[in-house]
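K.L.:
Supplied in structure tokens, the structure appears directly below.
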Amino acid sequence: MGKTQGNMLEINNLHVSIQDREILSGVNLQVRAGEVHAIMGPNGSGKSTLAAVLAGRDIFTVTKGTVVYKGVDLLALPPEERARLGLFLGFQYPVEIPGLTSVNFMKAAVNEQRKYKNLPPLSSGEFLKLMRQKMAVVEMDPSFVGRGVNVGFSGGEKKRNEIFQMAMLEPTLAFLDETDSGLDVDALRVVANGVNKLKTKDNAFVVITHYQRLLDYIVPDIVHVLNKGRIIKSGSKELALEVENKGYDHIINAT
Amino acid sequence: MPEVKRVFQCTVPGENIRQVFLVDGVLQESPGTQNGITLSTGPEGRGLKMHITGDHSENPLQIISVRSENLPEPLEFTNTWELAPGAKAQIVVCDHTLKEHLYQTSRYSHITLREGAHLDLLFMQNEHGRSRYWLDLDARLYKDARLDSHILSLYGGTIENKVKAHLQEPGAVCNLDGLYLADGEQEIKYNIEVRHNSKECQSSQLFKGILDNSAKAWFEGLIYVAPGAQSTEAFQANHNLLLTRDAKITTMPQLEIYADDVKCSHGATIGRLDEMGLFYIRSRGVPLEQAHLLQQMAFVHDVLEHVRNHAIRVRLEKMVESRLRGEFSKCAHCTMHCC
């Protein structure tokens, strides 16, 4: 997509409602290539909504504000076009699709992306090679890809599968929605390593999390605290430690 | 009929396939015995009779039944298959129409599976939007016999499938599968009855349908367990996907059990495409239309998975996919695309 000038993502005064209930009340956020952001916040503060709205989930209504991604009005695009522009959402609750194997799912996704870039579809051999390579990134058991997407996966396996999909699609901007929740320490390390291996100066990550623990592995450049639909504080990675030690109330009351 | 053979030149099920043609119900080859298979003409010069001995499980038999313009009137004929003790066979039955007449075809099929016989049977129903097709299948299974039956209703104006399986002696196993895809004004009926007349038999039914536009379907499925048919295991599932508000499915699963030591279950569902699943697929860059297709293919996956012949299964997956893309309904001569 050419060179990135300034901000890759620019969210201005974003207001979002669902069934007349406002969830986001004026979010401002700028993300540049090469950055890792963390968004923290209490339950119900709007973290997942923010990620879902950016990915194009249509149950939400944007009532005010703009989102510009790579110079394009993101909110005008259907979810698949956002993905083809390099946006990725790691789901908090990855969806099970019985009957659709991960191989066929990823083949469809990768080839759509290649079509968009005017590249021919990968041959079966090339595709399997790519799969094997990316499975290694998240230390995933190769038998998983022949099974239904997320079907019968444990919580940890589902999250690992999200990172695997991210590795396959090589997005430029990835939102990871509570990818750490439900993970034991080993799985957390694997998932975090996956992210770190995929990190380059040209892409960016926004990690949504409740716990500082993940941020020991994925070190953020900027930490934001979201409360009642608004980012109330942004700071360096020390802000995450402050949240961990003193709780959200302390920060909410101080602002 | 060199012309019919050319039109339906079939390479799908592999080189070892033997093709038998019926044109307007009339057998196109001379009766006789070949490799343990005795072929003759059915009653009143229509339909066929087949008596099978030996193991033919690796060499599928394909019965290609074609309706031509020479007989636009309603047609009725009976096919009879008998598998001798221990015989094994794989039979693919394909039904086609050569012209867009208002064909009406009633096909009776009588199947007898003697002790230890094993039949894998696949019906491909692929006619056109004005045809009426009726299948009446009656199967009797004796000791340790096994029937695996797959019915694929891909295209047709009105399709009615009536299947009755009688499990007569211990050890008989009967697996009945069906897939029906209907759009426009098509109507499809399935009436399935599995009768456990003996103890220690197993049966399972898996029927799935996808209905689009104003299509209608009915599924009636009965599991009957006779008095004394102990240690019966019988399962039935019917799942339906409705793509529009106008599509309709009526499903009537039924159990009639007169024995007390049995394991039986039935389940029926009617649903729509899963919104969250669609969003998940689209969020990976797959366009909406393709996401719809992937979800529908995922839905029918387990029915197709039961088709053991790999070449036929791969071909079926392609056919179902193009059917779901709506490609068949756009084609005036749909008959040329199949098997």
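The values are calculated or read from the model by the stated rules, or taken from the named source; none is laboratory data. What you see is a predicted model; the values in this text were computed from it and never measured. Don't worry about glycine lacking a Cβ; one is built from the backbone with ideal geometry, like all the others, and counts go over all protein chains shown. To get the accessible areas, we keep the full protein, side chains included, count just its heavy atoms, and leave off ligands, DNA and RNA. Shrake-Rupley method; radii C 1.70, N 1.55, O 1.52, S 1.80 Å.
K.L.:
Mind checking whether some residue in region A:162-184 is more than 27 Å from A:S45 (Cβ to Cβ), more than 14 Å from chain B (Cβ to nearest Cβ) and of a type outside the set (V, I, T)? Spell out how you get there, then give the answer.
P.N.:
Let us first name the residues in region A:162-184 that are more than 27 Å from A:S45 (Cβ to Cβ), namely A:164, A:167-170.
With more than 14 Å from chain B (Cβ to nearest Cβ) added as a condition, the list becomes none.
Within region A:162-184 (the criterion being more than 27 Å from A:S45 (Cβ to Cβ), more than 14 Å from chain B (Cβ to nearest Cβ) and of a type outside the set (V, I, T)), the answer is no, since none of the residues qualifies.
K.L.:
Which of the residues belonging to region B:207-235 are open to solvent by 10 Å² or more (accessible area, probe 1.4 Å), of a type outside the set (G, A, S) and within 23 Å of B:Y258 (Cα to Cα)?
P.N.:
Answer for region B:207-235, where residues must be open to solvent by 10 Å² or more (accessible area, probe 1.4 Å), of a type outside the set (G, A, S) and within 23 Å of B:Y258 (Cα to Cα): B:E220, B:L222, B:Y224, B:P227, B:Q230, B:E233, B:F235.
K.L.:
Also, I was wondering about something else. Would you tally the residues in region B:208-242 being free of Cβ contacts under 8 Å to residues at least 40 places away in the same chain and within 16 Å of B:F299 (Cβ to Cβ)?
P.N.:
8
K.L.:
Would you please list the contacts, defined by Cβ atoms under 9 Å and residues six or more apart or on different chains, that run from a residue in region B:314-339 that is more than 12 Å from B:N126 (Cα to Cα) to a residue that is modelled with pLDDT of 55 or more and open to solvent by 70 Å² or more (accessible area, probe 1.4 Å)?
P.N.:
B:E321/B:E327; B:R325/B:E289; B:A332/B:E100
K.L.:
Using the structure shown, decide if A:Q113 is modelled with pLDDT under 95 and part of a loop (DSSP other than H, G, I, E, B).
P.N.:
Numbers: modelled with pLDDT under 95: yes; part of a loop (DSSP other than H, G, I, E, B): no.
Considered against the rule, which asks whether it is modelled with pLDDT under 95 and part of a loop (DSSP other than H, G, I, E, B), A:Q113 comes out as no.
K.L.:
Just to be sure I understand the filter: pairs with C-beta atoms under 6 Å, separated by 6 or more residues or on different chains, first member in region B:284-306 and at the interface with chain A (Cβ under 8 Å from one of its Cβ atoms), second member among the polar types (S, T, N, Q) and assigned to a helix (DSSP H, G or I). Which pairs pass?
P.N.:
Sorted first by the residue in region B:284-306, then by its partner, the pairs are B:G285/A:Q113.
The rows are residues; the columns are (1) without any contact (Cβ under 8 Å) to a residue 24 or more places away in the chain; (2) over 18 Å from B:G285 (Cβ atoms); (3) outside any helix (DSSP H, G or I); (4) open to solvent by 40 Å² or more (accessible area, probe 1.4 Å).
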residue	(1), (2), (3), (4)
A:Q133	yes, yes, no, yes
A:M140	no, yes, yes, no
A:F144	no, yes, no, no
A:V151	no, yes, yes, yes
A:R160	no, yes, no, yes
A:M166	no, no, no, no
A:P171	no, no, yes, no
A:F175	no, no, yes, no
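K.L.:
Quick one: which residue in B:S149, B:S198, B:S204, B:S153 is among the polar types (S, T, N, Q) and assigned to a loop (DSSP other than H, G, I, E, B)?
P.N.:
Details: B:S149 fails: assigned to a loop (DSSP other than H, G, I, E, B); B:S204 fails: assigned to a loop (DSSP other than H, G, I, E, B); B:S153 fails: assigned to a loop (DSSP other than H, G, I, E, B).
Every option except B:S198 fails the conditions.
K.L.:
A further question follows. Determine if region A:118-129 includes at least one residue that is of a type in the set (K, R), away from every other protein chain (no Cβ under 14 Å) and open to solvent by 70 Å² or more (accessible area, probe 1.4 Å).
P.N.:
Here is the first cut: in region A:118-129, the ones of a type in the set (K, R) are A:129.
Checking which are away from every other protein chain (no Cβ under 14 Å) leaves us with A:129.
Then keep just the ones that are open to solvent by 70 Å² or more (accessible area, probe 1.4 Å); that gives A:129.
Yes - at least one qualifying residue is present in region A:118-129.
K.L.:
Output the residues belonging to region A:97-116 that are out of contact with any strand residue (DSSP E or B) (no Cβ under 7 Å at 6 or more places or on another chain) and either open to solvent by 10 Å² or more (accessible area, probe 1.4 Å) or more than 7 Å from every other protein chain (Cβ to nearest Cβ) (or both). Give the derivation first.
P.N.:
Filtering region A:97-116 for residues out of contact with any strand residue (DSSP E or B) (no Cβ under 7 Å at 6 or more places or on another chain) gives A:103-104, A:106-116.
Answer for region A:97-116, where residues must be out of contact with any strand residue (DSSP E or B) (no Cβ under 7 Å at 6 or more places or on another chain) and either open to solvent by 10 Å² or more (accessible area, probe 1.4 Å) or more than 7 Å from every other protein chain (Cβ to nearest Cβ) (or both): A:V103, A:N104, A:M106, A:K107, A:A108, A:V110, A:N111, A:E112, A:Q113, A:R114, A:K115, A:Y116.
K.L.:
Another question, then. Restricting to region B:108-131, name every residue that is open to solvent by less than 10 Å² (accessible area, probe 1.4 Å) and either within 16 Å of B:V92 (Cβ to Cβ) or not small (G, A, S) (or both).
P.N.:
Just the residues of region B:108-131 that are open to solvent by less than 10 Å² (accessible area, probe 1.4 Å), to begin with: B:109, B:111, B:113, B:117, B:119, B:121-128, B:131.
Those that are open to solvent by less than 10 Å² (accessible area, probe 1.4 Å) and either within 16 Å of B:V92 (Cβ to Cβ) or not small (G, A, S) (or both): B:S109, B:I111, B:L113, B:L119, B:L121, B:L122, B:F123, B:M124, B:Q125, B:N126, B:E127, B:H128.
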